[in-house]
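Report on the following structure.
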Amino acid sequence: LVEFESFAIDRLKLLKVVENLGVSYVRSSEMYKTKLEAELRKLKFPYRALAEDDYEARRKDHISHFILRLAYCQSEDLRRWFLQQEMDLFRYRFNELTESLMQKFLEHVHLSFEAIGEDLKNELANELSASTPGFTLAKVKEQMFYKVGLADAVDLFRARRVFIKDGFAYVPFKEIDVIVLNNYRTKLSKALALTARSLPSIQSDERLQPLLNHLSHSYVGPDYSVQKNTGKISLEQIDALSVKSFPLCMRQLHRALRDSHHLRHGGRMQYGLFLKGIGLTLEQALEFWKKEFIRGKVDADKFDKGYAYSIRHSYGKEGKRTDYTPYSCMKIIMSNPPSQGDYHGCPFRHSDPELLKQKLQSYKIPPSGITQILELVKGVHYQLACQKYFELTHDVDDIGFSLNHPNQYFTESQKLLSGGRELKKEFNNSGNFQQKNNSQESINSSSTPTSSNAKADTELEGLEAYFTED
Ligand code: SF4
């Protein structure tokens, strides 16, 4: 089980790097390839597929892929994210193969297409040159063309990149990757759907189920349960901090609380634990929530009898006395979506794009920045959209870390605003940026979630029962 968990976490780290690199660099660029290869080496995954005798690395590669299939088949969002990152990883690996290894691979997966003979190629040379972008007559003569059934070449056909005749596409060797990827997408997508159907039998396994659930909400970084700055923030500072240093999800919750003097239980959980994470003591939390709630419809007595207990509980002072940890982005994005009247969740994931646009406009984000954010949201890169929001609101070109947690956003913002963080960063090949200033606490996603995180997550469900009153 320990190996099971560590393989899966390493692959999750790898896929997060794939996601980050895919947004930061052109996928065929040298920089992209160099950084991805470095990450593959670091995490001990095979980086020259088929080319080396690397049994252990391949074993890890296979096992971890299938574990994440189990964890990421559980919802449409998870499937889509997993599919996209695995496709990018596959594309990189396939394109790194030599021509002979590509051929070997195609045969291995029964995708060996028929190369057309010289006679037919000469006969079709003009059409091939006219219909294949970038192919002069001379280049047509040099390259091998394959006759591929139309169904396998839909993407190339749609993009008008191949010559079509009698229901076949004539595909140059250099475009074969599009077909292979298409085929991989179809197969993996079907496999995920099938895996989802067999989930009930796995869910009955009490060893695996918490682990898989945890993986799909997984966040590979510090849990912000231990705060060095407890008690260092005063309640009077919160309004200003919410504008300067809160991520959009928490800024939205704070605004809603100030406006309506109330938050429903999803909002209280998400925001309350975040505030605890930034350093509010239990006494401050009680005072903060009470002051706000009694401005609304809740009187002091009702607050003390109902809400105060749940706040003490979240600080580990009631019930099982578990010290609850603030929610990570993954947890916020993937679980408990907000309904009408709720303000929790991640605005990049859960807000209507038009509303998000209006909100960003009202926060004075420049139009070009809004367009970039909305593009990232459209591509389901919610955390990257949030990173862009950080860059725009802090006026930096490069955020310098890989965002995974609202409290990480806050900490990094505070460091930056207080001049305690060097802006110059060095990419550390794990999708995060290594801080050069060693005196800084390392807030990157290279630490590993432990079973205790999973345990805390499970126990948190118990806490939610205490917050049922809206
Ligand atoms: Fe909050 Fe994370 Fe969403 Fe940013 S990405 S708004 S920090 S949940």
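A compact table of results
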| quantity | calculated |
| --- | --- |
| So PRO366, is it open to solvent by less than 70 Å² (accessible area, probe 1.4 Å) and within 11 Å of the ligand (Cβ to nearest atom) | no |
| Filter result (in contact with a helix residue (DSSP H, G or I) (Cβ under 7 Å, 6 or more places away or on another chain) and of a type in the set (D, E, K, R)) within region 325-358 | ASP342, ARG349, LYS357 |
| Test: residue in region 104-115 that is touching a residue at least 40 places away in the same chain (Cβ under 8 Å) and among the hydroxyl-bearing types (Ser, Thr, Tyr) | no |
| In region 344-363, residue nearest to LYS378 (Cα to Cα) [restricted to those that are outside any helix (DSSP H, G or I) and within 12 Å of the ligand (Cβ to nearest atom)] | SER351 |
| Extreme residue, surrounded by the most Cβ atoms within 10 Å (Cβ to Cβ), among residues of region 231-281 that are small (Gly, Ala, Ser) and more than 22 Å from TYR315 (Cα to Cα) | SER245 |
| Given (1) within 14 Å of the ligand (Cβ to nearest atom); (2) of a type in the set (S, T, N, Q); (3) at pLDDT 90 or above, number of the condition GLN383 does not satisfy | (3) |
| Residues within region 157-176 that are over 20 Å from GLU99 (Cα atoms), open to solvent by less than 20 Å² (accessible area, probe 1.4 Å) and either of a type in the set (S, T, N, Q) or part of a helix (DSSP H, G or I) (or both), tallied | 0 |
| Residues (surrounded by 18 or more Cβ atoms within 10 Å (Cβ to Cβ) and under 22 Å from ALA385 (Cα atoms)) located in region 1-30 | LEU12, LYS13, LEU14, LEU15, LYS16, VAL17, VAL18, GLU19, ASN20, LEU21, GLY22 |
| Residue list for region 317-337, restricted to those being within 12 Å of the ligand (Cβ to nearest atom), buried (at least 19 other Cβ atoms within 10 Å of the Cβ) and assigned to a loop (DSSP other than H, G, I, E, B) | PRO326, TYR327, SER328 |
| Neighbours by Cβ (under 7 Å, 6+ apart or cross-chain): first from region 85-100, modelled with pLDDT of 90 or more; second open to solvent by 50 Å² or more (accessible area, probe 1.4 Å) | MET87/ARG185; ASP88/ARG27; ARG91/ARG27; TYR92/LYS33 |
| Test: residue in region 16-32 that is without any contact (Cβ under 8 Å) to a residue 40 or more places away in the chain and at positive phi | no |
| GLY341, sole failed condition from (1) farther than 25 Å from TYR72 by Cβ; (2) small (Gly, Ala, Ser); (3) within 15 Å of the ligand (Cβ to nearest atom) | (3) |
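To keep it simple, each residue is scored yes or no on (1) more than 30 Å from ARG80 (Cβ to Cβ); (2) at pLDDT 85 or above; (3) part of a loop (DSSP other than H, G, I, E, B).
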| site | (1), (2), (3) |
| --- | --- |
| LEU111 | no, no, yes |
| GLU123 | yes, yes, no |
| PHE135 | yes, yes, yes |
| ALA151 | no, no, no |
| TYR184 | no, yes, no |
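The values are calculated or read from the model by the stated rules, or taken from the named source; none is laboratory data. Only a predicted model underlies this, so the values are computations on that prediction, with no experimental measurement involved. Backbone-built Cβ (ideal geometry, glycine too); neighbour counts: all protein chains shown. These accessible areas exclude ligands, DNA and RNA; they are computed on the full protein's heavy atoms, side chains included. Shrake-Rupley method; radii C 1.70, N 1.55, O 1.52, S 1.80 Å.
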